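Below is one structure; the comments refer to it alone.
The values are calculated or read from the model by the stated rules, or taken from the named source; none is laboratory data. For clarity, every value in this text was computed on a predicted model and none was experimentally measured. Heads up, the Cβs are rebuilt from the backbone with ideal geometry, glycines too, and the neighbour counts pull from every protein chain shown.
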Amino acid sequence: MAEGMSLTSSEGFPMNGGDGEGSYFINSSHQRYGADRSKGMMVAKIFENLSIENMSSSTTLRIADLGCSVGPNTFTAVETIIEAVSQKYHTTKWHHSGDLPEYQVYFTDVVSNDFNHLFTNLPQPKQYFAAAVPGSFHGRLFPKFSLDIVYSAYALHWLSKTPQELLDPNSPAYNKGRILYANSPNEVAQAYETQYAKDIQCFLHARAQEISPQGLMVLLVPGRPDGTSPQQPSIAPIFEPVESCLADLVNEGLLSEDKFDTFNLPMYCPCMEELKSLIHKNGCFDILTLEMQPPSPSPSPFHSAQEMRAGLDSILIEHFGHQIVEQLFDRYSKKVAGRSRLAPSVGLFVILKRRYVESCNQNVLDST
Ligand SMILES: C[S@@+](CC[C@H](N)C(=O)[O-])C[C@H]1O[C@@H](n2cnc3c(N)ncnc32)[C@H](O)[C@@H]1O
């Protein structure tokens with residue numbers, strides 16, 4: 001086994017905090033445009049599918065955003081969800097207008113997320129009570145049946161860890177000279193795919209216990225079109241310039257080859273069929289919607305150095321140290337200047353409804 005650890009994101013590789021020029025707060029417009037493209041559909045689907053028969057003005061409607069980061073996109077998402085619920089209340093004949101529930105919103109992310117910045121910037125006035133729930137969404141975060149609507153955007157591609165075999169020179173999945181699976185042998189992509197399948201089962205297992213029967217889950221998932229291999233479109237090519245800059249540093253003798261070869265990003269993007277089969281395997285959710293988001297304008301520019309750093313600084317600095325990361329992004333800016341990606345990003349838009357307990361796979365519910 002090569003030296004190096006299998007990186008784990010459960011302890012957290014948060015987006016850059018604060019609101020400085022390298023922060024996620026001011027470098028999250030790609031994610032914001034992605035969410036905007038599905039806003040109309042999200043409101044319509046929540047309106048159509050949320051069951052409010054048993055809710056009254058004394059009901060508290062509980063919403064969680066998993067992988068909320070530091071804002072501002074999470075604030076917009078929460079407002080969109082509340083707008084959809086309010087519309088439903090106002091147009092349902094057995095509810096009088098003014099008969100709205102109270103809202104409790106849980107902002108959830110890894111423990112090292114900059115929650116202070118998030119809470120300092122909560123919109124005022126706001127229509128909800130807010131609480132932070134730090135922890136990994138790959139495990140339980142809430143009591144049984146305590147949530148009505150769960151939202152998660154551009155976060156589920158983060159794996160709980162990188163597959164161990166990527167570091168093993170004797171494995172066909174040894175990922176020498178790459179940081180992800182673009183242009184990799186199939187075995188590398190398969191190792192990522194297997195880890196993703198395990199992680200999504202953990203995610204769905206936890207949510208199946210936390211979401212009340214008939215509750216909804218809205219997911220925006222970086223993905224890829226059906227019929228494509230993981231190595232082709234979507235997320236992997238986005239990180240190729242980072243990989244290429246690291247390779248340049250190795251070639252110039254500034255970074256050891258071993259350090260480069262022991263770094264792999266814990267990320268994976270599924271196709272629709274793959275995600276559908278993982279949801280069916282869990283057995284506790286009906287799929288109301290599973291489709292590709294409207295495409296982003298093509299050709300898509302590469303992320304700027306600031307945008308890339310907002311998402312990757314913490315994981316890169318932990319492995320390579322500050323100095324190498326500075327050198328890497330000096331090169332990165334020059335490498336991507338004026339260039340566009342051949343394939344635009346692909347997002348999957350998913351809405352799930354929690355089944356009634358009796359129609360759910362009992363094995364899933366028995367264990368916690
Ligand atoms: C690209 S940001 C998306 C933030 C926000 N949802 C948005 O749309 O702008 C991904 C977020 O997922 C969080 N994340 C990654 N792995 C996680 C995990 N296992 N549990 C909770 N949050 C996680 C990261 O810390 C990060 O804040």
> Would you pick out the residues in segment 122-135 that are within 16 Å of the ligand (Cβ to nearest atom) and in contact with a strand residue (DSSP E or B) (Cβ under 9 Å, 6 or more places away or on another chain)?
Replying inline: Leu122, Ala130, Ala131, Ala132, Val133, Pro134, Gly135
> Picking from Leu365, Leu312, which residue would you name as being crowded, with 18+ Cβ neighbours inside 10 Å and either hydrophobic (A, V, I, L, M, F, W, C) or modelled with pLDDT of 85 or more (or both)?
Replying inline: Leu312
> Looking only at residues in segment 1-53 that are under 18 Å from Leu312 (Cβ atoms) and away from the ligand (no atom under 16 Å from the Cβ), which one is modelled with the lowest pLDDT?
Replying inline: Gly4
>> For segment 287-315, which positions are over 18 Å from the mean Cα position of the chain (by Cα) and either free of Cβ contacts under 8 Å to residues at least 24 places away in the same chain or within 23 Å of Lys198 (Cβ to Cβ) (or both)?
In response: Ile287
> Which residues, taken from segment 25-36, are buried (at least 16 other Cβ atoms within 10 Å of the Cβ) and either farther than 26 Å from Gln306 by Cα or more than 15 Å from the chain's Cα centre (by Cα) (or both)?
Replying inline: Phe25, Ile26, Asn27
>> Report every pair of residues separated by at least 6 positions or lying on different chains whose Cβ atoms are under 6 Å apart, first residue within segment 157-184 and within 16 Å of the ligand (Cβ to nearest atom), second among the β-branched types (Val, Ile, Thr).
In response: Lys161/Thr8
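Somewhere in segment 50-72, is a residue over 22 Å from the mean Cα position of the chain (by Cα) and under 29 Å from Tyr24 (Cα atoms)?
yes
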>> Against the condition surrounded by fewer than 18 Cβ atoms within 10 Å (Cβ to Cβ) and within 16 Å of the ligand (Cβ to nearest atom), how does Thr76 come out, does it pass?
In response: yes
> Do any residues in segment 97-116 that are among the hydroxyl-bearing types (Ser, Thr, Tyr) have Cβ atoms under 8 Å from those of residues that are more than 16 Å from the ligand (Cβ to nearest atom) and not in a strand (DSSP E or B), where the two are at least six apart or on different chains, and which pairs are they?
Replying inline: Ser97/Tyr89; Ser97/His90; Tyr103/Ile82; Tyr103/Val85; Tyr103/Gln127
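State whether one or more residues within segment 346-354 are part of a helix (DSSP H, G or I), buried (at least 20 other Cβ atoms within 10 Å of the Cβ), in contact with a Gly (Cβ under 8 Å, 6 or more places away or on another chain) and of a type in the set (D, E, K, R).
No, because not a single residue in segment 346-354 is part of a helix (DSSP H, G or I), buried (at least 20 other Cβ atoms within 10 Å of the Cβ), in contact with a Gly (Cβ under 8 Å, 6 or more places away or on another chain) and of a type in the set (D, E, K, R).
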